[in-house]
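Quick note: the coordinates plus some simple rules give every number you see, no bench work behind them. Everything quoted here is computed from the prediction, not taken from an experiment. FYI the Cβ positions are ideal-geometry reconstructions off the backbone, even for glycines, and counts take in every protein chain you see.
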Amino acid sequence: MAGSVADALKQIPADVIKSVEVITSPSAKYDAEGTAGIVNIITKKNSLQGVTGSVALTGGTRSSNANTNLSLKQGKVGVNVNAGANRFYSKGGMDMTQINQAIYKDNPRTLQEEGDNPNTLFIEKERTTENTTSQLGTSTVDGMFGFGQLGLDYDINEKNTLSAGIRVNSGSFKLRSHQQADFTQADQNEGKTGFTQPRLLDQYRLSMKNNNKRLSMDLNMDYTHLFKKPQQELTLLALYSQTQQDNNVNQTRYEMEGPVRAITLNENEGLNKELTFQADYAHPMPKNTLLEIGAKGILRDVSSESLYNGVDLNSGFSYDQNVLASYLSYGFNLNKKTALKFGGRYEFTDVAGDFVNPAQDFTTNYDNFIPNITLAYDLKPNMKLRTTFTQRIQRPQLFFLNPYRQQQGPNLVVFGNPRLDAELTDAYEINYSTFFKTSSINASAYMRITDNAIEQVSEVTNDTTFVTFNNIAKNKTYGVTLSGSTKPVPAWNVNGNVNVYYVELNAPFASNSGVMYNINVSSGYTFGKGISAQFSGAFNSRRVSLQGKNSSFSNHNLAIRKELFEKKGSISLGMDNPFRAALKFDNRMAGYNQTTGLPFSTNALITQYNRGFRMSFEYRFGKLQQQGPPKRKKSIRNDDAKQGDTGGVQ
């Protein structure tokens, strides 16, 4: 439903969140897809009576938004309404150099052209050239997104609850870029010891307009039955999701001196439908043991249509993916300090691809048994050690599958591979956690091994980079994480985490490895009289990919907040990256052309202006009364999809 945990937390009012569970090694109960774990957001249900609401407004130099929430609980009926809109705007720049080698054949011609015997033919021969494209340009981004959500809860009686909801999201995204490009060529010297001085072959300007529109809808219905025994419950859930996205790219090429040389228009429409059914049952057993069983079905239907300059490319694509799963999990205490939980999840996946050209159609199916075992030991009442082994699956979604060649930039074409297989990852982890007074520490060491990993594969032809995806790599990751929180004094809190890991990627035509890390720090201080300040910062090292490395990046934020109206309202001033006007990305990629075997490289220096200032106002109204204990509200979470840059829809 939400694109990330942060998005989900923003969508749920803080006063209805009971707790947040972070499960780094999910049990067999959860979808076997993904490698990052599970986050459970547990909300209070049936515990608040009355009316409450909030209104929040933010205006800034990089974005502005408005959000409102209204909750009503009267007797057995609960209603929740959320709505919001967000507008963002930014600008950036790019300085990119692409170098690739190519083999050319000189055209046969008579030696008369050389002043010799006209009856003697010039012998055709191959020559190797080094082609360089240099681009310098600017870009602007303007986007607007909105959402509306309605949720209904009905407590049939003390043991039975029925809930339903609808959520609609819409958005538009506009990218404008202008670039100047120089295309030069150099010939290889005799003896293949180097290349001659480059000569300018072409020089032009590129203007691109990219308009993207998105509309999505989620419908859900859930039923929960509580039995007499504690922890014994039955949950039935259903979710229907639909996302439609239209992407139009208009590219105009101008000569430096002269008229327009070429205009191209790419249009792509994508539709993603997903229907999910889920049943979960938990049964307490003797001696504090718990048995969990369940089943789940996910039916996905994805389609895509494309036009090029108004002409049907006959590249229509339909993709059906059906996943049926069942699980069993059993947990018990070996002794007073040791607990064991083990289980398994069986999944069957059926896939069918349908193209305009029937010769390209394909069908396939596969099944997986996913084991899971967790052993926990209490070293002390406030100190725990846990070891886990599990497997995780990532199934490719439309961004990786769609064969439509999407023009994402003046010289960048991205297209999917409909014959991708699912990734399977073995995950091992050992975790240590402790807490004392006002502090907590959590440390983990982990290893993840993925065969047939889906990796991005790039090739440069002339002045264009083509990007697609293949199951071509073996990915090994070894890492350690450390996180903690503390309150040096009652008014001051500090939180942070560090993740350091080594990645090794191997494929038949390329390999790469390196150490990566990311650091996150946040802190807040309360000065009194309703005044507080917050700081957050993050740093990510260079990212290692199969054919190169992406730049490191960082961000930091400051905010000052003043409570108003007896803590019912607040006003705040926020600053994004106040000490740095722009963020620079230095991305490098290199490889060999799969057809010619000759090398290519791309170096891109991208500038993103990300300094911003904003002012926010929030007001909360209404009154709530506690009525009974909180109940755990469950919902469907499909964590089984490997998404791409466009959220699964091109």
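Are there trypsin sites (Lys or Arg not before Pro) in region 207-313 that DSSP puts in a loop and that have at most 10 other Cβ atoms within 10 Å, and which ones? Could the numbers behind the result be given before it?
Details: sites: K209, K213, R214, K228, R253, R261, K273, K287, K296, R300; in loops: K228, K287.
Those that pass, being in a loop and sparsely packed, are K228, K287.
Report the relative contact order of region 213-306, percent, no decimals, based on alpha-carbon pairs under 8 angstrom and at least 6 residues apart. Once normalised by length, the contact order is 26 percent.
Ranked by how many other Cβ atoms sit within 10 Å of their own Cβ, fewest first, the residues R561, R419 fall in the order R419, R561. When the GluC sites (Glu not before Pro) in region 213-294 are filtered for DSSP coil states and for at most 11 other beta-carbon atoms within 10 Å of their beta-carbon, the remaining sites are E257. Cα centroids of region 75-99 and region 362-377: how far apart, whole angstrom? Value for the Cα centre distance between the two parts: 34 Å. In this Cβ point-charge picture (+1 for Lys and Arg, -1 for Asp and Glu), region 215-332 has a dipole of about 740 debye about its Cα centre.
Exposure proxy ranking for V457, V356, V77, based on other Cβ atoms within 10 angstrom of each Cβ and starting from the fewest, stands as V77, V356, V457. Considering only Y502, T526, G569, and ranking their Cα positions along the charge dipole of region 490-575 that arises from unit charges at the beta-carbon of Lys, Arg, Asp and Glu, the one farthest toward the positive end is G569.
Over region 421-503, calculate the relative contact order: mean separation of alpha carbon pairs under 8 Å at least 6 apart, over the residue count, as a percent. It would help to have the intermediate numbers written out before the result.
On the way: 169 pairs, mean separation 22.2, N = 83.
Relative contact order for region 421-503 comes out at 27 percent.
The dipole here belongs to region 123-222: it is taken about the Cα centre, uses +1 on the Cβ of Lys and Arg and -1 on the Cβ of Asp and Glu, and is about 400 debye. Working note: Cα gyration tensor of region 150-289, eigenvalues times five, square-rooted, sorted largest first, giving semi-axes of 62, 24, 10 Å. Shape index of region 391-486: Rg/Rh, with Rg the Cα radius of gyration and Rh the Kirkwood radius from the inverse mean 1/r over Cα pairs, equals 1.20.
For region 345-434, the square roots of the Cα gyration tensor eigenvalues, ordered a ≥ b ≥ c, give a/c of at least 1.5 with a/b no greater than b/c, which places it in the oblate category. Each Lys and Arg adds +1 at its Cβ and each Asp and Glu adds -1 at its Cβ; summed about the Cα centre, region 163-246 shows a dipole of about 360 debye. If you model region 522-611 as an ellipsoid using its alpha carbon gyration tensor, with each semi-axis the square root of five times an eigenvalue, the axes come out at 45, 11, 9 Å, biggest first. Put +1 on the Cβ of each Lys and Arg and -1 on the Cβ of each Asp and Glu in region 218-276; which of T224, N272, Q242 then has its Cα farthest toward the positive end of the dipole? Going by the charge dipole, the pick is T224.
Spatially, region 280-356 and region 516-586 are offset by 36 Å when compared through their Cα centroids.
Fewest neighbouring Cβ atoms within 10 Å first, the residues M96, M383, M575, M256 line up as M256, M383, M575, M96.
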